[in-house]
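Enquirer: For reference, the structure I am asking about is given below.
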Amino acid sequence: MPRLQELNALETERRRIVDSRQAYTTTVLICSGTGCQASRSPAVIEAFKNQLQSQRLNEKVLVRTTGCHGFCEQGPIMVLEPEGVLYCRVAPEDCREIVSRTIKKGEVLERLLYTDPASGQRIPKEKDIPFYRDQDRSLLSGNRAVDPRSLEDYIAAGGYTALTRVLAGMAPQAVVEEVTASGLRGRGGGGFPTGRKWQECREAPGEEKYVVCNADEGDPGAYMDRCVLEGNPHRVLEGMIIGAFAVGAVRGYIYVRKEYPLAVQHAKLAVQQAREYGFLGENILGSSFSFDVEVARGGGAFVCGESTALMASLEGRVGEPRPKDIHTVQEGLWNKPTLLNNVETWANIPGIITNGAAWFSAKGTAGSKGTKILALTGQVKNTGLVEVPMGTPLRKVIFDIGGGANNGKPIKAVQTGGPSGGCLPVGQFDLPVDFDALAEAGSMVGSGGMVVMDAGTCMVDVAKYFLNFLQDESCGKCVPCRIGVDRLLEIVTDFTEGKGRLEQLDLLEDLAETITETSLCGLGKTAPNPVLSTLRYFREEYLAHILEKRCPAGVCKALIQYAVDQEKCTGCGDCQRACPHGAIKGRKEEPRLIDSAKCQKCGLCFSECTFNAITVA
Amino acid sequence: MVQYVTLRIDGSIVKAAKGSSVLDAAIQYGICIPHLCHMPLLEDIGACRLCIVEQVGNGKSKITTSCTLRVQEGMVIQAHSEKVRRLRRNIAELLVAQAPNSRAIQDMAVRCGVKEVRYPFRNADCVLCGRCVRYCRGLAGAQSLGFVGRGKDRHVAHALELRDLCKHCGFCTANCPMSITPCAGPMAKGEEHLCGGCEAQLQITQGMEDQCVWCELGKGFDCSRHLGQ
Ligand SMILES: Cc1cc2nc3c(=O)[nH]c(=O)nc-3n(C[C@H](O)[C@H](O)[C@H](O)COP(=O)(O)O)c2cc1C
Ligand code: SF4
Ligand code: FES
């Protein structure tokens with residue numbers, strides 16, 4: 001394809017692509033994101049294509065290998081359009097029947113349908129599945145429309161029209177104002193007003209400016225940025241080109257976590273295609289605007305996602321944060337004004353330009369607009385990527401979309417915002433997904449992580465887990481974070497080991513404030529959140545650990561005792577055989593006994609017993 | 001021509017060269033802000049966080065380190081507000097609990113008002129202020145020392161094991177806050193404590209408002225005001 005030399009050429013090209021696809025009666029979407037690739041989707045794609053060939057349907061059926069649909073636990077996922085039938089956990093062996101029965105005869109294969117765990121019913125259509133039904137997939141639906149390796153798909157779906165609109169007659173300042181009016185706030189964690197950042201960068205003096213896309217995504221459990229960049233790279237790129245035009249940048253970087261090989265690959269391919277088509281490079285689409293993008297692989301540390309550390313890493317230095325008394329919009333990469341936004345933030349830009357700021361700000365709350373992608377995990381029935389309008393209550397996400405508790409125990413709390421977010425109890429589940437509301441409640445929206453916890457979770461143990469992660473990932477440069485967080489961990493560990501003293505609770509709060517107020521970067525500033533929020537909502541659990549040396553959830557090993565309920569024990573001896581430490585004694589057919597001196601509290605007997613005769617206290 | 005700006009630090013009107021740091025400006029006017037990682041002529045990295053101040057403006061206040069904060073016209077700085085003192089004391093407490101065998105750090109703790117240490121002592125032999133690393137890379141131009149590792153594992157080491165880059169200038173040890181042991185000698189393991197021996201001297205100087213502690217406390221580990229003389 002030659003470079004598009006003028007703005008009108010895009011529409012002509014789009015028509016050509018759409019026309020060339022008129023002959024297809026069915027489109028089959030097969031997910032080939034990182035999650036589904038792990039569950040063998042490449043083999044399914046190959047088998048499916050072979051079946052189309054041998055059943056002579058390859059001219060009628062278009063197969064599109066798409067990026068992630070966010071429902072990875074059911075993968076590989078296949079959707080048949082236009083009917084919208086969804087098959088999950090498709091195996092290569094299923095392909096023959098899918099072609100011969102579903103495509104040829106319109107029969108639905110019951111066994112491949114999704115079973116709703118709540119009602120036990122099989123649901124044929126994608127749009128009726130509860131997991132999808134209550135979502136607003138403004139961003140994620142883009143992943144269904146394109147093969148991430150195909151620029152033609154993106155153009156056919158209306159891609160790059162926002163860019164042409166901008167180049168055709170919007171002044172850079174007007175672009176900034178549109179973004180400001182939309183009310184978009186950064187999706188990378190901080191929720192900083194995007195328009196304001198653009199305005200500041202636009203006004204910053206200097207000829208040479210940069211834009212950066214932050215795809216470092218270090219939060220454990222989060223993968224929305226991967227999903228968007230991997231599944232729809234041109235959308236992110238289009239957002240960046242528009243941003244570069246608005247602030248007057250000459251060069252852009254996409255900084256991708258190195259653990260995301262597919263995202264790196266797709267981003268690189270997208271950049272190359274965009275150059276060939278003339279969306280990047282000199283005189284974009286025949287205009288006087290020139291801009292180019294490079295893809296860089298991240299350093300692999302959590303802290304490299306922090307804006308100043310990321311820039312240091314891009315410059316080839318060690319990825320450590322620096323003080324931000326001067327903002328990066330003024331002095332960023334190589335001390336030049338730099339506009340850095342998160343993947344999801346960039347991906348929202350084309351929609352705002354195409355549909356207008358009012359369309360975007362119609363969704364959401366007073367202070368948080370648009371939709372947000374959340375990574376729902378933990379003890380709920382449906383896990384995966386969930387996109388909802390800002391303002392959606394947590395309860396709806398967890399119970400309606402997530403389907404509620406998955407193993408019988410009642411849900412107790414949700415941890416939102418990634419490792420430095422906070423834990424909110426069920427009593428707070430009416431809180432909306434809203435930057436300010438969650439921050440006020442002691443947690444945050446963050447990058448959108450959402451871990452649901454049930455009654456089997458010890459909140460002190462949760463705090464310990466996140467502190468451990470954070471002190472491990474601290475870069476170690478500044479005292480409050482390096483030493484302070486480690487001391488927090490030391491104290492919380494004392495609690496879980498039954499060595500806690502009441503006055504340590506005051507120390508914990510005092511130290512937490514010092515760390516929040518005085519740390520150099522956002523990692524340290526937010527690191528006490530897991531402790532503070534659990535302390536705020538689950539203080540009685542802390543007190544049980546400290547005063548009674550008891551772990552109410554039965555998790556903290558040092559504080560629990562396994563015993564055999566003599567009434568319930570049938571003397572089957574399963575536990576005795578399971579115990580690797582020889583701690584269980586008793587004669588055949590008689591109730592067993594646990595020797596607490598030998599017991600290592602591994603819990604194997606507990607999971608082995610069929611009669612619920614092992615007690616934890 | 002050097003341009004000057006005027007700002008307020010702890011109520012005093014201070015004139016400082018544009019581009020200089022709030023810490024430098026304060027020291028020049030005899031306002032002592034405790035600091036550890038800062039050293040004249042070296043790049044400031046904001047690591048120890050002892051030099052924190054409260055920047056007041058627009059009805060808000062923000063805690064930030066004065067060594068990395070550049071002076072600005074009309075700036076209002078509180079270097080010794082109630083809040084700053086409390087936070088600074090907590091940081092000094094973390095440091096002295098980490099490295100009780102440094103006279104410099106013991107002195108610093110006393111100056112920052114640490115009266116008790118609420119953590120078990122550790123006996124680290126480095127607090128990662130990075131003076132040596134920055135001296136080596138900056139003034140000595142030797143690139144021999146660097147930071148290695150992350151979080152708790154962070155430590156100073158010869159970069160890439162290239163010991164022969166060292167020019168043996170010795171400034172790294174001369175400027176190391178760990179190199180002078182407390183008056184009564186090194187503390188045995190398990191017997192670390194807050195020595196607090198110099199507290200009496202401190203009380204004399206505390207009466208003098210807005211005065212740097214021209215004390216003997218930092219003997220061997222001069223506060224940068226001495227270095228300037
Ligand atoms: C420790 C730490 C890690 C971070 N990691 C990420 C990340 O992985 N991805 C990201 O987009 N932002 C991350 N951020 C936030 C960035 O510093 C920055 O605020 C954000 O990318 C700005 O983009 P936005 O305004 O579009 O959100 C991190 C911040 C901190 C303090
Ligand atoms: S707060 Fe933590 S991660 Fe940030 S600079 Fe300080 S030590 Fe490094
Ligand atoms: S002297 Fe400013 S942070 Fe150490």
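Enquirer: Taking the stretch A:454-488 only, how many residues are away from ligand 3 (no atom under 16 Å from the Cβ) and part of a helix (DSSP H, G or I)?
Expert: 19
Enquirer: Check off (1) out of contact with any helix residue (DSSP H, G or I) (no Cβ under 9 Å at 6 or more places or on another chain); (2) under 29 Å from A:Trp359 (Cα atoms) for A:Glu207 and give me the number that stays unchecked.
Expert: Every listed condition holds for A:Glu207 apart from (2).
Enquirer: Going residue by residue through the stretch A:285-302, is there one that turns out to be near ligand 1 (Cβ under 10 Å from one of its atoms), at pLDDT 95 or above and acidic (Asp, Glu)?
Expert: Residues of the stretch A:285-302 that are near ligand 1 (Cβ under 10 Å from one of its atoms), as a first pass: A:298, A:301-302.
Imposing the further condition that a residue be at pLDDT 95 or above reduces the set to none.
No, because not a single residue in the stretch A:285-302 is near ligand 1 (Cβ under 10 Å from one of its atoms), at pLDDT 95 or above and acidic (Asp, Glu).
Enquirer: Do you know which of the residues in the stretch A:467-485 that are more than 7 Å from every other protein chain (Cβ to nearest Cβ) and of a type in the set (A, V, I, L, M, F, W, C) is surrounded by the fewest Cβ atoms within 10 Å (Cβ to Cβ)?
Expert: In the first step, residues of the stretch A:467-485 are kept if they are more than 7 Å from every other protein chain (Cβ to nearest Cβ); the result is A:467-470, A:481, A:485.
Cutting the leftovers down to of a type in the set (A, V, I, L, M, F, W, C) gives us A:467, A:469-470, A:481, A:485.
Details: A:Leu467: 25, A:Phe469: 19, A:Leu470: 26, A:Cys481: 28, A:Val485: 28.
Step by step, filter the stretch A:467-485, then rank; the result is A:Phe469.
Enquirer: A further question follows. Just checking, how many residues over the stretch A:378-389 are under 21 Å from A:Phe435 (Cβ atoms) and out of contact with any helix residue (DSSP H, G or I) (no Cβ under 8 Å at 6 or more places or on another chain)? Show your work before the answer.
Expert: Filtering the stretch A:378-389 down to residues under 21 Å from A:Phe435 (Cβ atoms) leaves A:385-389.
Checking which are out of contact with any helix residue (DSSP H, G or I) (no Cβ under 8 Å at 6 or more places or on another chain) leaves us with A:387, A:389.
Result for the stretch A:378-389: 2.
Enquirer: Here's something else I'd like to know. Answer with yes or no whether B:Leu87 is buried (at least 24 other Cβ atoms within 10 Å of the Cβ) and touching a residue at least 40 places away in the same chain (Cβ under 8 Å).
Expert: Numbers: buried (at least 24 other Cβ atoms within 10 Å of the Cβ): yes; touching a residue at least 40 places away in the same chain (Cβ under 8 Å): no.
Here the answer is no, as B:Leu87 does not meet what is asked.
Enquirer: Given the condition assigned to a helix (DSSP H, G or I) and either over 25 Å from A:Leu470 (Cβ atoms) or over 20 Å from the mean Cα position of the chain (by Cα) (or both), answer yes or no: does some residue in the stretch B:85-97 qualify?
Expert: The answer is yes; a qualifying residue exists.
Enquirer: Does A:Gly189 satisfy being at pLDDT below 95, crowded, with 24+ Cβ neighbours inside 10 Å and within 16 Å of ligand 2 (Cβ to nearest atom)? Give the derivation first.
Expert: On the way: at pLDDT below 95: yes; crowded, with 24+ Cβ neighbours inside 10 Å: yes; within 16 Å of ligand 2 (Cβ to nearest atom): yes.
Criteria met by A:Gly189.
Enquirer: From B:Asp10, B:Asp24, grab the single residue that is more than 16 Å from ligand 1 (Cβ to nearest atom), within 13 Å of the chain's Cα centre (by Cα) and surrounded by fewer than 23 Cβ atoms within 10 Å (Cβ to Cβ).
Expert: On the way: B:Asp10 fails: within 13 Å of the chain's Cα centre (by Cα).
Going through B:Asp10, B:Asp24 in turn, the sole match is B:Asp24.
Enquirer: Looking at A:Gly442, A:Gly522, can you tell me which residue is under 28 Å from B:Gln55 (Cβ atoms) and more than 13 Å from ligand 2 (Cβ to nearest atom)?
Expert: Working: A:Gly522 fails: more than 13 Å from ligand 2 (Cβ to nearest atom).
Unique residue meeting the criteria: A:Gly442.
Enquirer: Still on this structure: Of the numbered conditions (1) surrounded by 14 or more Cβ atoms within 10 Å (Cβ to Cβ); (2) more than 10 Å from chain A (Cβ to nearest Cβ); (3) within 26 Å of B:Leu128 (Cα to Cα), B:Cys67 satisfies every one except a single condition; which is it?
Expert: Just one mismatch for B:Cys67, condition (2).
Enquirer: Looking for something away from ligand 1 (no atom under 16 Å from the Cβ) and β-branched (Val, Ile, Thr) - is there at least one such residue anywhere in the stretch A:537-548? Working first, answer last.
Expert: Initially, the stretch A:537-548 is screened for residues away from ligand 1 (no atom under 16 Å from the Cβ), giving A:537-548.
With β-branched (Val, Ile, Thr) added as a condition, the list becomes A:546.
Yes, that holds for at least one residue.
Enquirer: Do the conditions hold for A:Leu520, that is, is it over 30 Å from the mean Cα position of the chain (by Cα), of a type outside the set (Asp, Glu) and within 14 Å of chain B (Cβ to nearest Cβ)? Even if it seems obvious, please write down each step before you answer.
Expert: Details: over 30 Å from the mean Cα position of the chain (by Cα): no; of a type outside the set (Asp, Glu): yes; within 14 Å of chain B (Cβ to nearest Cβ): yes.
So A:Leu520 does not fit the description; no.
Enquirer: All but one of (1) within 27 Å of B:Pro182 (Cα to Cα); (2) within 14 Å of chain A (Cβ to nearest Cβ) hold for B:Gln78; state the number of the condition that does not hold.
Expert: (1)
Enquirer: Please work out if A:Lys369 is closer than 16 Å to A:Ala181 by Cβ, in contact with a Leu (Cβ under 7 Å, 6 or more places away or on another chain) and more than 16 Å from ligand 2 (Cβ to nearest atom).
Expert: On the way: closer than 16 Å to A:Ala181 by Cβ: yes; in contact with a Leu (Cβ under 7 Å, 6 or more places away or on another chain): yes; more than 16 Å from ligand 2 (Cβ to nearest atom): yes.
Spelling it out, A:Lys369 is indeed closer than 16 Å to A:Ala181 by Cβ, in contact with a Leu (Cβ under 7 Å, 6 or more places away or on another chain) and more than 16 Å from ligand 2 (Cβ to nearest atom).
Enquirer: Quick one: B:Gln72 ticks every box in (1) in a loop (DSSP other than H, G, I, E, B); (2) closer than 22 Å to B:Gln106 by Cα except a single one, so which number is it?
Expert: The single condition B:Gln72 does not satisfy is (2).
Enquirer: Given the criteria in a helix (DSSP H, G or I) and within 16 Å of ligand 2 (Cβ to nearest atom), does B:Leu50 qualify?
Expert: Numbers: in a helix (DSSP H, G or I): no; within 16 Å of ligand 2 (Cβ to nearest atom): yes.
The answer is no for B:Leu50.
Enquirer: More than 13 Å from ligand 1 (Cβ to nearest atom), surrounded by fewer than 24 Cβ atoms within 10 Å (Cβ to Cβ) and either not in a loop (DSSP other than H, G, I, E, B) or not polar (S, T, N, Q) (or both): does that describe A:Asp510?
Expert: On the way: more than 13 Å from ligand 1 (Cβ to nearest atom): yes; surrounded by fewer than 24 Cβ atoms within 10 Å (Cβ to Cβ): yes; either not in a loop (DSSP other than H, G, I, E, B) or not polar (S, T, N, Q) (or both): yes.
Answer is yes for this residue.
Enquirer: Follow-up question, since we're still on this one. All but one of (1) facing another protein chain (nearest Cβ under 9 Å); (2) modelled with pLDDT of 95 or more; (3) within 28 Å of the chain's Cα centre (by Cα) hold for A:Lys464; state the number of the condition that does not hold.
Expert: Unmet for A:Lys464, out of (1) facing another protein chain (nearest Cβ under 9 Å); (2) modelled with pLDDT of 95 or more; (3) within 28 Å of the chain's Cα centre (by Cα): (1).
Enquirer: Then there's this: Let me confirm something: among A:Leu535, A:Leu488, A:Leu505, which residue is buried (at least 19 other Cβ atoms within 10 Å of the Cβ) and either within 14 Å of chain B (Cβ to nearest Cβ) or without any contact (Cβ under 8 Å) to a residue 24 or more places away in the chain (or both)? Can you show your working first?
Expert: Values: A:Leu535 fails: either within 14 Å of chain B (Cβ to nearest Cβ) or without any contact (Cβ under 8 Å) to a residue 24 or more places away in the chain (or both); A:Leu505 fails: buried (at least 19 other Cβ atoms within 10 Å of the Cβ).
It is A:Leu488.
Enquirer: List every residue pair whose Cβ atoms sit under 9 Å apart, with the two residues 6 or more apart in sequence or on different chains, where the first one lies in the stretch A:120-139 and is over 22 Å from A:Pro389 (Cβ atoms) and the second, anywhere, is at pLDDT below 90 and crowded, with 18+ Cβ neighbours inside 10 Å.
Expert: Note: pairs meeting the criteria are A:Ile123/A:Pro130.
Enquirer: Out of (1) more than 16 Å from the chain's Cα centre (by Cα); (2) of a type in the set (Val, Ile, Thr); (3) away from chain A (no Cβ under 14 Å), what's the single condition that is false for B:Ile180?
Expert: All conditions pass for B:Ile180, except number (1).
Enquirer: Identify all residues within the stretch B:95-114 that are free of Cβ contacts under 8 Å to residues at least 40 places away in the same chain and either surrounded by fewer than 22 Cβ atoms within 10 Å (Cβ to Cβ) or more than 11 Å from chain A (Cβ to nearest Cβ) (or both); write none if there are none. Please lay out each step first, then the result.
Expert: If we filter the stretch B:95-114 for residues that are free of Cβ contacts under 8 Å to residues at least 40 places away in the same chain, which is where we start, we get B:97-98, B:113.
Selection gives B:Gly113 alone.
Enquirer: Return a yes/no flag: does the stretch B:41-55 have any residue that is more than 7 Å from chain A (Cβ to nearest Cβ), crowded, with 20+ Cβ neighbours inside 10 Å, in contact (Cβ under 8 Å) with a residue 60 or more places away in the chain and touching a Leu at 6+ places or on another chain (Cβ under 7 Å).
Expert: yes
The values are calculated or read from the model by the stated rules, or taken from the named source; none is laboratory data. For clarity, every value in this text was computed on a predicted model and none was experimentally measured. All Cβ positions, even for glycine, are placed from backbone atoms using ideal geometry, and neighbour counts span all protein chains on display.
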